[in-house]
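Since the structure comes first, as structure tokens, the remarks are kept for the end.
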Amino acid sequence: MYRLCVYGCHNFSMKDPELSETEMDEVLNLIQYSFGYNFTCYSRSSMQRRLQRFMVDAAANNAFDLKHYLVNTAGGFDYFLSRLTVNVTEMFRDPAFFRNIKEKVLPVLASYPTIKLWHAGCATGEEVFSMAILLHEAGLLQRTRIYATDINPVNIDKAKQGILPLHVMKEYTANYINAGGTNDFSTYYTARYNNVIINKELRKNILFSQHNLVTDGGFNEFQLICCRNVLIYFNRELQNRVIGLLHESLSKLGFLALGTKESLILSTFQNHFQPVDQVQKIFRRVS
């Protein structure tokens, strides 16, 4: 259990804590040198909001309190990491995206004897499980290896379990149908009390592991990389660096999928891709 209040001698005001630009730099530098995570190239406004929101969770009234909490509280940084990362995800979210993957990408991937996919920033795995269902229905899952990575180890541990709350399955079923699914969606999971477990057959070719897009390099060559709704939290310099990493990790004529609010425009790698679907932000590496 994390200790959320470690400064009993302080009288906290009702006003939400604030961080100046200088104080934020101090906190981010401390995190980088003490824990090895470099958040200095993340969007400044987004990072400032998240740090200040975490200060409320940690009962930290100022920058000194926050730094003390991160360094001296058992499990404090792990808790910070779990609160910092964005985990807005669901199965078959943006059904039109999955419909386009099914119709425009999977028929091309079917020509490969073995298929390798990378879900970068996989959160708790819902998008990965969705892709596994598409591959299964296309008869491709048995010869596909899916690498799913996230910066947050808590997300990875949860994704490995394949356990989702039962109450969201009605929404996920509707998403699946809107994505063009025609099977009985309930056959893809087993209900147990208030949760469901994604079928083992769908999960057996998925390898979940921790990976930091900011500091870690590539580790394979992929025919499809999904990195959706991750770049929006980076500044322009880091976006370009990560797009370079994704480009290097794609096979010739491999596919790259970004989030609907993300773009290759202004990236130095813009001319290295051609659009497959501009609306759903699916691109193909130029030979």
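A few points about this structure:
- Residues being among the small types (Gly, Ala, Ser) and part of a loop (DSSP other than H, G, I, E, B) - total across the range 182-215: 0
- Meets criteria (part of a helix (DSSP H, G or I) and either modelled with pLDDT of 95 or more or over 24 Å from Leu213 (Cα atoms) (or both)) for Phe129: yes
- For the range 195-213, the condition holds for no residue, the condition being that it is modelled with pLDDT under 95 and acidic (Asp, Glu).
- The set of residues from the range 88-105 being at pLDDT below 95 and of a type in the set (A, V, I, L, M) comprises just one member, Val88.
- Among the residues of the range 157-181, just one is within 15 Å of Glu137 (Cβ to Cβ), aliphatic (A, V, I, L, M) and in a helix (DSSP H, G or I), namely Ile177.
- Condition met for Ser34 (surrounded by fewer than 17 Cβ atoms within 10 Å (Cβ to Cβ), touching a Leu at 6+ places or on another chain (Cβ under 8 Å) and modelled with pLDDT of 90 or more): yes
- Pairs linking a residue in the range 144-164 that is assigned by TED's automatic domain parsing to the domain that holds Ile133 and within 20 Å of Leu134 (Cβ to Cβ) to a residue that is among the aromatic types (Phe, Trp, Tyr) and at pLDDT 95 or above, with Cβ atoms under 6 Å and 6 or more positions apart or on different chains, are Tyr147/Trp118; Ala148/Phe208; Ala159/Phe208.
- Test result for Lys116, surrounded by 16 or more Cβ atoms within 10 Å (Cβ to Cβ) and charged (D, E, K, R): yes
- So Leu106, is it in a helix (DSSP H, G or I), surrounded by 15 or more Cβ atoms within 10 Å (Cβ to Cβ) and out of contact with any Gly (no Cβ under 8 Å at 6 or more places or on another chain): yes
- Ser263 more than 24 Å from Cys41 (Cβ to Cβ), at pLDDT below 95 and either surrounded by fewer than 21 Cβ atoms within 10 Å (Cβ to Cβ) or among the hydroxyl-bearing types (Ser, Thr, Tyr) (or both): no
Quick grid of which residues meet (1) at negative phi; (2) basic (Lys, Arg); (3) outside any helix (DSSP H, G or I); (4) crowded, with 23+ Cβ neighbours inside 10 Å:
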residue: Phe219; (1), (2), (3), (4): yes, no, yes, no
residue: Asn229; (1), (2), (3), (4): no, no, yes, no
residue: Ser251; (1), (2), (3), (4): yes, no, yes, no
residue: Leu256; (1), (2), (3), (4): yes, no, yes, yes
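- Residue check, Tyr147 among the aromatic types (Phe, Trp, Tyr) and either surrounded by fewer than 16 Cβ atoms within 10 Å (Cβ to Cβ) or not in a strand (DSSP E or B) (or both): no
- Test: residue in the range 262-277 that is within 18 Å of the chain's Cα centre (by Cα) and at negative phi: yes
- Just one residue in the set Ile243, Ile225, Ile232 is in contact with a helix residue (DSSP H, G or I) (Cβ under 6 Å, 6 or more places away or on another chain), assigned by TED's automatic domain parsing to the domain that holds Tyr189 and among the β-branched types (Val, Ile, Thr); that residue is Ile225.
- Cross-chain or 6+ apart pairs with Cβ under 8 Å, the range 248-270 first and under 15 Å from Phe222 (Cα atoms), then aromatic (Phe, Trp, Tyr) and surrounded by fewer than 18 Cβ atoms within 10 Å (Cβ to Cβ): Ser249/Phe219
- Hey, Phe54 in a helix (DSSP H, G or I), out of contact with any strand residue (DSSP E or B) (no Cβ under 8 Å at 6 or more places or on another chain), touching a residue at least 24 places away in the same chain (Cβ under 8 Å) and crowded, with 18+ Cβ neighbours inside 10 Å or not: yes
The values are calculated or read from the model by the stated rules, or taken from the named source; none is laboratory data. This is a predicted model, so every value here is computed, not measured. As a convention, Cβ positions derive from the backbone with ideal geometry for all residues, glycine included, and neighbour counts pool all protein chains shown.
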